[in-house]
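So the structure is just underneath, and the comments pick up after that.
The values are calculated or read from the model by the stated rules, or taken from the named source; none is laboratory data. All values derive from a computational prediction rather than experimental measurement. A quick note on method: Cβ atoms are made from the backbone with ideal geometry, for glycine too, and the neighbour counts reach across all protein chains shown.
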């Protein structure tokens, strides 16, 4: 507790500064997610406070981030679509998914998996981060142009037949639930169909239009219509925001340029009484728990999203721990990864209960906190409290912020989040794979696959596919390397230093196998070639295993098959310098002692040679 309050002045200044930086981003991420600016603020307030209180990185400032918001946006849109476009109906399921993601993070921390996050390949992370930037930019072009698919009458009218079909389908579903649908008589259906109003059809058409225009593909689909119907005021507000953000940084970095842009452009729009589109109203009340998460809980509505929640939790873990590493480098400290995951999980879980979007450790806000004097977890808690105070006192003012200004802020976030380091390295990475006459870099290929699939298909599946491809390519490389180093030759063609004095009269009867590296599924095909390399003159094979550190199940059964084959040919096998893990594996399926008795296992090559001199006779 003494250390907790050891730097009150620095932590207060760091927390307040980080909170100021977080404010415009929280509002922007909330709007981008589809749940509104309040959800972004709630996420920033609760995640910042509780992740700092229970986390394992003293200077970390947490809250909604670009990657977490991009994935959340997809989840939210999907659940709303399955709930007839009704956000209020979909909200319990959405928040339950976010709650599960937080609980999964707590579980990851308790299981001690935090230290394994660093094994995710860089090309996968690079492709994903660049895709996040592209997605944010593409999805914010429409609000920057002042285009709203729901208000495009001509576009909405295209969905009228589909809307009528859906409304009729819902009527039939209701009749099935009520047990009154009779195929021979649709009188009740006709009766209910007659009371469908034009307003209902219009609302359903607008929902379908908005869904069609959502995501990157949707944004590109309606972009020609948006350009044709540009709202020049909204475009000027967005461009002004972007210019101030980049221009003000050239003057000073002590004051957050995003905050300057937010205040300046909002002040101009409101002060001159311009006819601009505002964000949704922000309530100036104490946040309330969304009890409908529990009262309206349905296992069926959540089951399809369990994998999604797990992926969201893993993304948050990666995002947070990468920021923790940045904080460590700046403060010369060392974070506790598993404790950090528990803290992030608690923060995300509590935020979801109040209707906030999920988040993670935020690099920019953490750097600002450290530079402003923050040193302990108190700084992150102060940042959360500061945002709560702003919401309670200035909600009415914040509700007047132009939507295009937040779109401009997000476009700069999208530009900044892309991995330029990885993109610049593309021409210089070694081209290690071939597709016919074309040579490519495996790492570039993985990055591009993840980038394209994330941008135009599905973020979650893209990362999964990237990990699988990266793993397969890694295993092939290891297998190839192992195959090059591991070979089987007669003693007279290859000899280690301690093999040169081996009796020359026994070189036709005795062959030596040097296993150099792990015996696993990537190297078993080369290992199996041992059968063909041993000539009929052999009566003994010596296997030197001091460099075979590891054996997996595939390698184990390959070894068993080889020993079985040699036994049928009456060829004995001796093991030299067998290590602990391979020995344990072979003992489990009785290779030792059924094929290799204990007396045929030697600690040194000299002991093995002594046994050979006593037991092997010169036949050739």
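Tabulated results
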quantity: Residue check for residue 110: at pLDDT below 80, farther than 30 Å from residue 421 by Cβ, in contact with a helix residue (DSSP H, G or I) (Cβ under 8 Å, 6 or more places away or on another chain) and not assigned by TED's automatic domain parsing to the domain that holds residue 453; calculated: no
quantity: Checklist (1) part of a helix (DSSP H, G or I); (2) under 45 Å from the mean Cα position of the chain (by Cα); (3) surrounded by fewer than 20 Cβ atoms within 10 Å (Cβ to Cβ); (4) modelled with pLDDT under 75 applied to residue 482, failing item; calculated: (3)
quantity: Meets criteria (surrounded by fewer than 15 Cβ atoms within 10 Å (Cβ to Cβ) and modelled with pLDDT of 75 or more) for residue 508; calculated: no
quantity: Some residue of region 297-308 being surrounded by fewer than 24 Cβ atoms within 10 Å (Cβ to Cβ), assigned to a loop (DSSP other than H, G, I, E, B) and touching a residue at least 12 places away in the same chain (Cβ under 8 Å); calculated: yes
quantity: Some residue of region 211-220 being in contact (Cβ under 8 Å) with a residue 60 or more places away in the chain, farther than 22 Å from residue 457 by Cα and surrounded by 14 or more Cβ atoms within 10 Å (Cβ to Cβ); calculated: no
quantity: Number of the exception - residue 578 against (1) under 36 Å from the mean Cα position of the chain (by Cα); (2) modelled with pLDDT of 85 or more; calculated: (1)
quantity: In region 240-293, residue nearest to residue 88 (Cα to Cα) [restricted to those that are under 31 Å from the mean Cα position of the chain (by Cα) and surrounded by fewer than 17 Cβ atoms within 10 Å (Cβ to Cβ)]; calculated: 292
quantity: Pick from region 389-430, criterion in contact with a helix residue (DSSP H, G or I) (Cβ under 7 Å, 6 or more places away or on another chain) and not in a helix (DSSP H, G or I), ranking: nearest to residue 132 (Cα to Cα); calculated: 418
quantity: Members of region 429-457 found to be closer than 29 Å to residue 213 by Cα and buried (at least 16 other Cβ atoms within 10 Å of the Cβ), listed by number; calculated: 446, 447, 448, 449, 450, 451, 453, 454, 455, 456
quantity: Residue 347 vs. criteria within 13 Å of residue 48 (Cβ to Cβ), under 19 Å from the mean Cα position of the chain (by Cα), in a helix (DSSP H, G or I) and at pLDDT 90 or above; calculated: yes
quantity: Residue under evaluation residue 323, criteria (1) surrounded by fewer than 18 Cβ atoms within 10 Å (Cβ to Cβ); (2) at pLDDT below 85; (3) touching a strand residue (DSSP E or B) at 6+ places or on another chain (Cβ under 7 Å), criterion not met; calculated: (1)
quantity: All helices (runs of 4 or more DSSP H) inside region 564-620 with 1 or more residues being touching a residue at least 12 places away in the same chain (Cβ under 8 Å) and within 20 Å of residue 509 (Cα to Cα); calculated: 605-615
quantity: Residue among 146, 127, 43 that alone is under 18 Å from the mean Cα position of the chain (by Cα) and either crowded, with 24+ Cβ neighbours inside 10 Å or farther than 30 Å from residue 386 by Cα (or both); calculated: 127
quantity: Members of region 584-611 found to be surrounded by fewer than 17 Cβ atoms within 10 Å (Cβ to Cβ) and within 20 Å of residue 520 (Cβ to Cβ), listed by number; calculated: 584, 587, 588, 589
quantity: Verdict on residue 379 being within 22 Å of residue 9 (Cα to Cα), surrounded by 24 or more Cβ atoms within 10 Å (Cβ to Cβ) and out of contact with any strand residue (DSSP E or B) (no Cβ under 6 Å at 6 or more places or on another chain); calculated: yes
